[in-house]
Amino acid sequence: MTDTQIMTMTDKAEAQLRNLLSKNNEDVLGLRIGITNTGCNGLSYTMDFARESKVDDAIISNGDIKLLIDNDAIQYVNGTEMDWQDEGLESRFTFENPNEKGRCGCGSSFHV
């Protein structure tokens, strides 16, 4: 399934992801985004390099950049914007998720 509305990327996130993917071998298809049950608020984002797609993945493709969203995560990330923040000594991908009802103080978990 290809759907660009499930998740979008800022230009900074896209540039960082392009940089990361270029440093890995050719068998990397893109970045897999998922959700796991963890943290003090219940859910946390997972990210890993995708080497293959699953039949029920949602695939967001922007030229040479692909995000593969696990089917189980779609309901939690629908409408989310992925960004890259580089602040002082801390650099990370961030998610602006309109489905969130709350987030823990450290920002590592959320609930919907």
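Identify, from the list THR38, THR46, the residue that is more than 16 Å from GLU14 (Cβ to Cβ), over 15 Å from the mean Cα position of the chain (by Cα) and surrounded by fewer than 15 Cβ atoms within 10 Å (Cβ to Cβ).
THR38
Is the range 35-48 home to any residue that is in a loop (DSSP other than H, G, I, E, B) and either of a type in the set (D, E, K, R) or touching a helix residue (DSSP H, G or I) at 6+ places or on another chain (Cβ under 6 Å) (or both)? If you could, list the steps in order and put the result at the bottom.
Taking the range 35-48 first, the residues in a loop (DSSP other than H, G, I, E, B) are 38-42.
Okay, now just the ones that are also either of a type in the set (D, E, K, R) or touching a helix residue (DSSP H, G or I) at 6+ places or on another chain (Cβ under 6 Å) (or both), so none.
No, the conditions are met nowhere in the range 35-48.
It is to be established whether one or more residues within the range 62-82 are touching a helix residue (DSSP H, G or I) at 6+ places or on another chain (Cβ under 8 Å) and assigned to a loop (DSSP other than H, G, I, E, B).
Among the residues of the range 62-82, at least one is touching a helix residue (DSSP H, G or I) at 6+ places or on another chain (Cβ under 8 Å) and assigned to a loop (DSSP other than H, G, I, E, B), which makes the answer yes.
Taking SER53 as the residue in question, decide whether it is hydroxyl-bearing (Ser, Thr, Tyr), outside any strand (DSSP E or B) and out of contact with any helix residue (DSSP H, G or I) (no Cβ under 6 Å at 6 or more places or on another chain). Quick ask: steps written out before the conclusion?
Numbers: hydroxyl-bearing (Ser, Thr, Tyr): yes; outside any strand (DSSP E or B): yes; out of contact with any helix residue (DSSP H, G or I) (no Cβ under 6 Å at 6 or more places or on another chain): yes.
Yes, satisfied.
Only the coordinates and a few stated rules stand behind these numbers; no lab work does. Note that the structure is predicted; figures quoted are calculated from it, not measured. Every residue, glycine as well, gets a Cβ built from its backbone with ideal geometry; the counts of neighbours run over all protein chains shown.
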